[in-house]
Amino acid sequence: MWTPRKRRPRTPRRIYTVTTSPEKAPDTPEYVSICFVEGVPVALNGKKMDPVALIEKLNEIAGKHGVGRVDHIEDRLVGIKSREIYENPAAEVLIEAHKDLEKLVLTRHELEFKKMIDEKWAWMVYTGLWIDPLREALDGFINKTQERVCGEVKMKLYKGRCWSAGRSSPMSLYDKNLATYEVETSFNQASAEGFIELWGLPTRVATQLKEKAKKQKKC
């Protein structure tokens, strides 16, 4: 017999001490710029700051706009599911800005592999394996990629959300002359024909074999 699910209890407003409710946040968005050197935030809105002071100030700014509230179901190491509520305005802004800058300066292969590294690193730290040799080895890869993560990201804060509104870096891999869809480009578009032929070859062969097998089955 079907029975209604128990409703999750409403979160008491008093538990939030750092963030404003998104509904009550300012109606005008605010922009902040964050400068990174080797992956580490070193300046906020053009002012150089030590990491602690930067996080405290960004907590204040982003929290005012309701950014950084997390309410989710978490799987603990022992298998128990737990409802967790966090406030991390500065962390959310810094993580999103950092990811955006990485997209600009790291190659596609680095970005794809780093997703796996980041997930594994975070899991090891969460489960208390900070001194594990693997965590130290993962640091080696992370530190190497961060050598080129230098630049500035402009973030927009509004009603509980934050997103990138612009980025720049001396290590940028973006080249407008290559990326443009206009006629005048430094990319030789004639090269695409051979690439398409080779890229689609395995798929085309597999499809042809599949169709051939269907015809033989009908016979």
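No lab work stands behind these numbers, since they all come straight from the coordinates. It should be emphasised that the depicted structure is a prediction, and the values quoted were computed from it without experimental measurement. Positions of Cβ are backbone-derived with ideal geometry, glycine not excepted, and every protein chain shown enters the neighbour counts.
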So the angle from the long Cα axis of helix 89-105 to the longest Cα principal axis of the chain, reported in degrees to the nearest 10, equals 30
The exposure ranking of Arg13, Arg204, Arg167, fewest beta-carbon neighbours within 10 Å first, is Arg13, Arg204, Arg167
Computed from the beta carbon distance with a Förster radius of 45 Å, FRET efficiency for Thr28 and Thr107 to the nearest 0.05 stands at 0.75
Mean-square fluctuation maximum in Gaussian network of the chain, Cα pairs under 10 Å, restricted to Ser21, Ser82, Ser191, hits Ser191
Residue-ordered couplings for the range 136-149, obtained by feeding phi - 60° into the Karplus form 6.51 cos²θ - 1.76 cosθ + 1.60 and rounding to whole Hz (Gly and Pro as x), are 5, 5, 5, 4, x, 5, 4, 4, 5, 5, 6, 4, 9, 7
For the chain, the dipole about the Cα centre with charges only on Cβ (Lys and Arg +1, Asp and Glu -1), to the nearest 20 debye, works out at 1580
Note to self: C-alpha centroids of the range 58-100 and the range 124-142 sit apart, in Å, by 21
Plugging the Cβ-Cβ distance of Ile196 and Lys217 into 1/(1 + (r/R0)^6) at R0 = 35 Å yields, to the nearest 0.05, a FRET efficiency of 0.65
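Run the helix sum for the chain: -39,500 (n - 2.57) per DSSP H stretch of 4+ residues, divided by residue count, reported at 222 nm to the nearest 500 deg cm²/dmol.
Helices in the chain give a 222 nm mean residue ellipticity of -14000 deg cm²/dmol.
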Connecting every pair of Cα atoms under 10 Å apart in the chain and solving the GNM, the largest mean-square fluctuation among Val78, Val125, Val153 falls on Val78
In cubic angstrom per residue, the convex hull of the range 117-214 built on its Cα atoms measures 301
Full extension between Arg135 and Val78 adds, at 0.36 nm per residue less the Cα distance, a length in nm of 18.5 nm
